1. Please enumerate the residues belonging to segment 136-148 that are surrounded by fewer than 21 Cβ atoms within 10 Å (Cβ to Cβ) and part of a helix (DSSP H, G or I).
2. How many residues, within segment 147-160, are closer than 23 Å to Val45 by Cβ and not aliphatic (A, V, I, L, M)?
3. Here is a list of conditions, (1) of a type outside the set (A, V, I, L, M); (2) modelled with pLDDT of 95 or more; (3) exposed (fewer than 13 other Cβ atoms within 10 Å of the Cβ); (4) touching a Ser or Thr at 6+ places or on another chain (Cβ under 8 Å), and Asp171 meets all of them except one; can you say which number that is?
4. Mind checking which residues of segment 201-217 are touching a strand residue (DSSP E or B) at 6+ places or on another chain (Cβ under 6 Å) and either within 16 Å of Asp125 (Cα to Cα) or loosely packed, with under 15 Cβ neighbours inside 10 Å (or both)?
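The values are calculated or read from the model by the stated rules, or taken from the named source; none is laboratory data. What you are looking at is a predicted structure, and each value in this text was computed from that prediction instead of being measured. Every residue, glycine among them, receives a Cβ derived from its backbone with ideal geometry; neighbour counts consider all protein chains shown.
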Amino acid sequence: AAVASLPRPLARLAASLTRGEYWEADDRAAAALVMWDVTPLHSEVSAAGQLVEVVSSPFFGRALLIDGDLQLTERDEAGYHEMVAHVPLALRPDATDVLIVGGGDGGLCATVLRHGNVRRLVVVDVDAAVVAASRTHFAALADACYDDPRTELVVADAAAWVRTAAASSFDVALIDSTDFGAAAPLFGRRFHAAMRRLLRPRGLLALNLSSLAWNTDGSARRYWLQRSVWRHVSPYAVHQPTYLSG
């Protein structure tokens, strides 16, 4: 789709990427602003209505953006994906069935599949364009995910999908999505109550709370929302240099 057809903030983003600039700002901190020199590799407005971008940075390598929000970079995606996957799976070494909400890029999926006990992995992502872009530009991640016979890809709105999926069908669930726009319902109480229904006894859910250091109010709200649904809630942190808060 043409840049002119995008909402104004996204049109400005697409124009800046065309000029070879990616700007990341965080209004939760005082004047936090970073600019990367980038080479645009891919840009499309998907059927799901998201602006899907891939750029290349001399330092971070290739990076995936959705609606201007940084999703992963080649340089340090492993730090995030390993902490989201390995912590719950270390606590449940007997887990056989795993659900990923979002994660269409395949990075978290590929990390989960390193666990030999996992027999079935369902990835539910709203946007097939993210999967296709990752297949092209992040093949090492996507191929390890989608070429594995244990993986089942479902292109659907996860907020609706979880309400009709079979109860008690997963041991571990992981949320790897944006936290705005179409993904906002994935962070509400109704969705998490539906997620709990899908998990077996001793089931675990892991998700990103945002920056515990910078977004303290937002992280606290999400923590207490989780406490209203789950019996035990334990935050943990990962160092992620890609993001402004580290």
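1. Here is the first cut: in segment 136-148, the ones surrounded by fewer than 21 Cβ atoms within 10 Å (Cβ to Cβ) are 136-137, 139-140, 143-144, 146-148.
Those that are surrounded by fewer than 21 Cβ atoms within 10 Å (Cβ to Cβ) and part of a helix (DSSP H, G or I): Thr136, His137, Ala139, Ala140, Asp143, Ala144, Tyr146.
2. Pass one, segment 147-160, residues closer than 23 Å to Val45 by Cβ: 153-160.
This time we only want the ones that are not aliphatic (A, V, I, L, M), so: 157.
Total meeting the criteria: 1.
3. (3)
4. Leu207
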